[in-house]
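Structure first, commentary second.
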Amino acid sequence: MAANFVIPTKMKAWVYREHGDVANVLGLDPELKVPELQEGQVLVKVLAAALNPIDTARVKGVIKLPGFSLPAVPGYDLAGVVVKVGREVKELKVGDEVYGFMFHAKKDGTLAEYAAVEESFLALKPKKLRFGEAASLPLVIQTAYGGLERAGLSHGKSLLVLGGAGGVGTLIIQLAKEVFGASRVAATSSTGKLELLKSLGADLAIDYTKVNFEDLPEKFDVVYDTVGEIERAAKAVKPGGSIVTIVKQNKTLPPPAFFFAVTSNRSTLEKLKPFLESGKVKPVIDPKNPFPFSQVIEAFSYLQTRRATGKLVIHPV
Ligand code: NDP
């Protein structure tokens, strides 16, 4: 029998009422209205959330989605428990432990006690993962997977990852080896993170403070750029290879580079579930974690240093 949850009308949530620097405009509202459900949505009691660079861009107003309005709650990633389902929800039920990211997060995001999320964005949480670990994954693992797929990485090919220690990069390395069967993976980071890259499966860890990767004699079938170094990437790819970048740049991309933008789809999470359950692919969470819900501003300020290793998780919410 499905569990019954008492759902309050008000909740704690981080809210911004104007655009600006996170520390100036984001505040904890103790009494925000719990979001109303659309027919295809479920209401999730958020137990953990995670931050992404796009959250900062949204608060600052650098990125505005159609239909967006203020005040708004930031946050894309979440893990939690379904406490209510909309009329057209077919697969999820009250009590399910889920994770995913809110692709159309226009107004109400995941830095709140409750979030109304499209059923199609959510998958059942792998049992092996704790809620904080699960919340760290959805946006970055789908970005890593989708970019590698679009770039045509396949068994026996080689890959260079620019930015191997970030939220996306740590997953790209693991998926390339474990899921796509890359023969050789190289990745860049600063000196202190080289061992991490190797522990994730990188065959070659390149210290970008000492070596220019584009000057190496070795060239790669695929280059995955997570830092915005596309001209340099073009010098590191083999003839006939491909370059995927996820960093928006106001310039024409040199061929064969293309921009990839992630979309939220439970089927990718379902496809990757066996790798998460077996531990072949693992969440990578910065040692400063987790940040409790009261310390969201501190977590954002660390995110903005662009030095975090893997993900920043907000837990417990
Ligand atoms: P993170 O904040 O997690 O990245 C931080 C990491 O970047 C640090 O570990 C740092 O390592 C590394 N880094 C910074 N500069 C360099 C450099 N020059 N060379 C190598 N490593 C570097 O970011 P994410 O991984 O979450 O996101 C990466 C980018 O991708 C962001 O710009 C984000 O907005 C974008 N993105 C785009 C998506 C899309 O769909 N298009 C989806 C997701 C993200 P070190 O300290 O060693 O330098």
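The values are calculated or read from the model by the stated rules, or taken from the named source; none is laboratory data. Small disclaimer: the values here were computed from a predicted structure and weren't measured. All Cβ positions, even for glycine, are placed from backbone atoms using ideal geometry, and neighbour counts span all protein chains on display. Calculation scope for accessible area: heavy atoms of the full protein, side chains included, ligands and nucleic acids excluded. Shrake-Rupley method; radii C 1.70, N 1.55, O 1.52, S 1.80 Å.
Taking the criterion of being open to solvent by 70 Å² or more (accessible area, probe 1.4 Å), more than 30 Å from K90 (Cβ to Cβ) and either more than 15 Å from the ligand (Cβ to nearest atom) or touching a helix residue (DSSP H, G or I) at 6+ places or on another chain (Cβ under 7 Å) (or both), the residues of segment 260-297 that qualify are K280, K282, K288, P290, S294, Q295.
For first residues located in segment 133-157 and within 28 Å of E97 (Cβ to Cβ), partners that are among the small types (G, A, S) and part of a helix (DSSP H, G or I) and lie 6+ apart or on another chain with Cβ distances below 7 Å form the pairs V140/G167; L148/A176. For segment 21-68, which positions are surrounded by fewer than 14 Cβ atoms within 10 Å (Cβ to Cβ) and among the acidic types (D, E)? Of everything in segment 21-68, those that are surrounded by fewer than 14 Cβ atoms within 10 Å (Cβ to Cβ) and among the acidic types (D, E) turn out to be D21, E31, E36, E39.
With segment 1-82 as the region, which strands (runs of 3 or more DSSP E) entirely inside it contain at least 2 residues that are within 16 Å of the ligand (Cβ to nearest atom) and within 21 Å of the chain's Cα centre (by Cα)?
41-50
Whenever a residue of segment 289-301 is touching a residue at least 12 places away in the same chain (Cβ under 8 Å) and closer than 14 Å to V317 by Cβ, its partners that are surrounded by fewer than 23 Cβ atoms within 10 Å (Cβ to Cβ) and of a type in the set (S, T, Y), lying with C-beta atoms within less than 9 angstrom and at least six residues away or across chains, give the pairs F291/Y302. Of the residues making up segment 197-244, those that are among the basic types (K, R), away from the ligand (no atom under 14 Å from the Cβ) and part of a loop (DSSP other than H, G, I, E, B) are K219, K235. Within segment 130-141, if we keep just the residues that are open to solvent by 10 Å² or more (accessible area, probe 1.4 Å) and out of contact with any strand residue (DSSP E or B) (no Cβ under 6 Å at 6 or more places or on another chain), the residue that is nearest to A182 (Cα to Cα) turns out to be E133.
Taking S294, is it hydroxyl-bearing (S, T, Y) and touching a strand residue (DSSP E or B) at 6+ places or on another chain (Cβ under 8 Å)?
Details: hydroxyl-bearing (S, T, Y): yes; touching a strand residue (DSSP E or B) at 6+ places or on another chain (Cβ under 8 Å): yes.
In short, yes.
Give me the residue from segment 173-189 that is without any contact (Cβ under 8 Å) to a residue 60 or more places away in the chain and farther than 23 Å from P217 by Cβ and, out of that set, surrounded by the fewest Cβ atoms within 10 Å (Cβ to Cβ).
Per the stated criteria, the residue is G181.
Do we have S154 as open to solvent by 30 Å² or more (accessible area, probe 1.4 Å) and not hydrophobic (A, V, I, L, M, F, W, C) here? Criteria met by S154.
Checking the structure you have, find out if any residue of segment 88-110 is over 29 Å from G27 (Cα atoms), open to solvent by 10 Å² or more (accessible area, probe 1.4 Å) and not in a loop (DSSP other than H, G, I, E, B). Don't jump to the end; show me each part of the working.
Of the residues in segment 88-110, the ones over 29 Å from G27 (Cα atoms) are 88-96.
Filter once more, keeping what is open to solvent by 10 Å² or more (accessible area, probe 1.4 Å): 88-96.
When the remaining residues are screened for being not in a loop (DSSP other than H, G, I, E, B), the result is none.
Checking segment 88-110: not a single residue is over 29 Å from G27 (Cα atoms), open to solvent by 10 Å² or more (accessible area, probe 1.4 Å) and not in a loop (DSSP other than H, G, I, E, B).
Of all residues in segment 301-317, those that are of a type in the set (A, V, I, L, M, F, W, C) and surrounded by fewer than 23 Cβ atoms within 10 Å (Cβ to Cβ) total 2. For the residues P66, P53, P71, the requirement of being more than 30 Å from E178 (Cβ to Cβ) and either out of contact with any strand residue (DSSP E or B) (no Cβ under 6 Å at 6 or more places or on another chain) or polar (S, T, N, Q) (or both) singles out P66.
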